[in-house]
Amino acid sequence: MEPNRLSRPSVEKRFLSEDYWAVILGIFIVASAMILSAGAGNDLVGWINKPGEWVSSPASSFAGVKGSVTVVTGTAVAITVLGLVLVPHLFVKRQLFRGLIGYSGIALLAVVAMVMSGQEVIKYYNLEYVLWALLLGALIGNTIGLPAWLMAAPSGEFLIKLGLVLLGMEVLMGKLVVLGLPGILVAWVVTPIVLISTFWFGTRVLGIQSPSLVMTIAADMSVCGVSAAIATGAACRAKKEELTLAISLSLAFTAVMMVVMPVAIRFLGIDDIVGGAWLGGTIDSTGAVAAAGAALGDRALKIATTVKMIQNILIGVIAFAVSIYWAYRFDHGDEASQDKRSFFGEIWARFPKFVLGFLAVSILASVLDATSEAGAVLVKQAIDMVTKELRGWLFCMAFVRIGLDMRLETLAPALKGGKPMILYVVGQALNIALTGAMASLVFGWWFREAIEQWLPK
């Protein structure tokens, strides 16, 4: 067993491993959020939030007021609620007190990372808190080393899995109805082609020795950035440094594409409808997609964000498919493959259980959103007031923890020869070309009239 790999599930039978706890706690938080939203409504505004934007003084990030409480209170409430992650330490690791000390440490560092990401210029270029959390953790881990009192903090992988279960609330299947077939053609047809082609190019042409690194970069670039990299990295058991490298590449290129692509679209004379679909299918981060779409206008913004949300639905599907492929192709010996029961048992043992929680929450939210106006309001309130903010905190703390464990020398093999950079550039170039062609065909020709009727004038 290699401790530096993400989510290497043990084949031993354990009662409620961290994978199961991520699903249990995630569903508990979602259910609680809906109950609270149904009872309190808008009274919950502001009770869970994070530091805001600032220009010259970091202290001003805590000065704003959201709803009826200060940012300081909202931050404290968020961190307190997420103290639920200590439950597995009691039942699985039996280290509740040490876990509490470690958790408090990474929570404090997460606050610092959140504040750093809120600076006005940094925020404009979409250099997200994930990057600052990694840098902050890596700085400490590679200078003074990992403090002993942080050793018992919840693992970054567990925090990531719990955050992805909460992300299911934001991936609504009902978004398919909005743009229907056009959005599916852009988001669901191109993405698997780019993913498979990039994986083949990285392993066969570039000869990168780590298939998990190639797959994580391919998913990061072709689906939706950080969240897809995390989910797929867990499914293919990528090393922590491989996940870090994939996300770093994604964040760097996302910042560039967010600024350059709207300018290029205007320069090429592409209209806002096709341009919006192109942005939604290529730029990794949902936030960056919204920023780039807004630069082209309201219509482009609406199309870009909808296409990106349709694409986000693939997170769970891709992770599921990769987990099965990995169990069959890389993690299964010839002798065991003769026994079908052993093969499927191996798949289940290595399958990232959080994907089931993600899909369950996504389906629940989608059904509520689609069945009634009250259900749609309930889902939106639960997302806006509870789960979205908590997910952000979980990811931030997770990458602080991963950064603390990371050693810069471990990145050297992954960066060898510059191949990961070449892989990302070639894969993204293919993604841009195919998505642009599909967007022009679907949004500029086949469904043009229907889309124009749907959009505001």
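Of all residues in the range 265-308, how many are farther than 26 Å from Ala229 by Cβ and not in a helix (DSSP H, G or I)?
So the answer is 5.
For residues that are free of Cβ contacts under 8 Å to residues at least 60 places away in the same chain and touching a Cys at 6+ places or on another chain (Cβ under 6 Å), tally how many sit in the range 297-328.
Residues that pass the stated criteria total 0.
In the range 440-452, is there at least one residue being under 20 Å from the mean Cα position of the chain (by Cα), within 24 Å of Thr198 (Cβ to Cβ) and either surrounded by 22 or more Cβ atoms within 10 Å (Cβ to Cβ) or at pLDDT 90 or above (or both)?
No - not one qualifying residue is present in the range 440-452.
Of all residues in the range 83-120, which are free of Cβ contacts under 8 Å to residues at least 12 places away in the same chain, of a type in the set (A, V, I, L, M, F, W, C) and under 22 Å from Ser17 (Cα atoms)? Before you say what the answer is, go through the steps one by one.
Step one: filter the range 83-120 for residues free of Cβ contacts under 8 Å to residues at least 12 places away in the same chain, giving 90, 94, 96-97, 104, 108.
Subset that is of a type in the set (A, V, I, L, M, F, W, C): 90, 96-97, 108.
Selection gives Leu90, Leu96, Phe97.
When you go through (1) in contact (Cβ under 8 Å) with a residue 40 or more places away in the chain; (2) more than 23 Å from Phe395 (Cα to Cα) one by one for Thr203, which number turns out not to apply?
Thr203 satisfies every listed condition except (1).
Out of the range 194-214, which residues are assigned to a helix (DSSP H, G or I), among the aliphatic types (A, V, I, L, M) and over 20 Å from Val274 (Cα atoms)?
The answer is Leu195, Ile196, Val205, Leu213, Val214.
Exactly one condition in (1) among the basic types (Lys, Arg); (2) modelled with pLDDT under 75; (3) more than 24 Å from Ala22 (Cβ to Cβ) is false for Arg350; which is it?
(3)
Return the pair list, or none, for Cβ contacts closer than 9 Å from residues in the range 22-50 that are over 20 Å from Ser366 (Cα atoms) and modelled with pLDDT of 80 or more to residues that are aromatic (Phe, Trp, Tyr) and in a helix (DSSP H, G or I), at least 6 apart or on different chains.
Once the first residue is over 20 Å from Ser366 (Cα atoms) and modelled with pLDDT of 80 or more and sits in the range 22-50, its partners that are aromatic (Phe, Trp, Tyr) and in a helix (DSSP H, G or I) give Ala22/Phe158; Ala22/Phe354; Ile48/Trp393; Lys50/Tyr129; Lys50/Trp393.
Give just the number: which of (1) touching a residue at least 40 places away in the same chain (Cβ under 8 Å); (2) surrounded by fewer than 21 Cβ atoms within 10 Å (Cβ to Cβ) does Ala294 not satisfy?
(1)
Of all residues in the range 119-149, which are farther than 21 Å from Ala246 by Cβ and of a type in the set (Phe, Trp, Tyr)?
Within the range 119-149, Tyr124, Trp149 meet the criteria.
Here are some residues: Leu359, Leu390. Which one is modelled with pLDDT under 85, within 17 Å of the chain's Cα centre (by Cα) and buried (at least 16 other Cβ atoms within 10 Å of the Cβ)? If you could, list the steps in order and put the result at the bottom.
Numbers: Leu390 fails: modelled with pLDDT under 85.
Sole residue among the options that is modelled with pLDDT under 85, within 17 Å of the chain's Cα centre (by Cα) and buried (at least 16 other Cβ atoms within 10 Å of the Cβ): Leu359.
Does Ile217 satisfy being β-branched (Val, Ile, Thr), part of a helix (DSSP H, G or I), closer than 24 Å to Glu18 by Cα and in contact with a helix residue (DSSP H, G or I) (Cβ under 6 Å, 6 or more places away or on another chain)?
Details: β-branched (Val, Ile, Thr): yes; part of a helix (DSSP H, G or I): yes; closer than 24 Å to Glu18 by Cα: no; in contact with a helix residue (DSSP H, G or I) (Cβ under 6 Å, 6 or more places away or on another chain): yes.
Spelling it out, it is not the case that Ile217 is β-branched (Val, Ile, Thr), part of a helix (DSSP H, G or I), closer than 24 Å to Glu18 by Cα and in contact with a helix residue (DSSP H, G or I) (Cβ under 6 Å, 6 or more places away or on another chain).
Can you pull out every residue in the range 222-233 that is touching a residue at least 60 places away in the same chain (Cβ under 8 Å) and either surrounded by fewer than 24 Cβ atoms within 10 Å (Cβ to Cβ) or under 12 Å from the mean Cα position of the chain (by Cα) (or both)? If you could, list the steps in order and put the result at the bottom.
The first filter runs over the range 222-233 and keeps only residues touching a residue at least 60 places away in the same chain (Cβ under 8 Å), leaving 222-228, 230-233.
Residues satisfying the conditions are Val223, Cys224, Gly225, Val226, Ser227, Ala228, Ile230, Ala231, Thr232, Gly233.
The values are calculated or read from the model by the stated rules, or taken from the named source; none is laboratory data. Predicted model only: the values in this text are computed from it and were never measured. Using ideal geometry, Cβ is built from the backbone for each residue, glycine included, and neighbour counts are taken over all protein chains shown.
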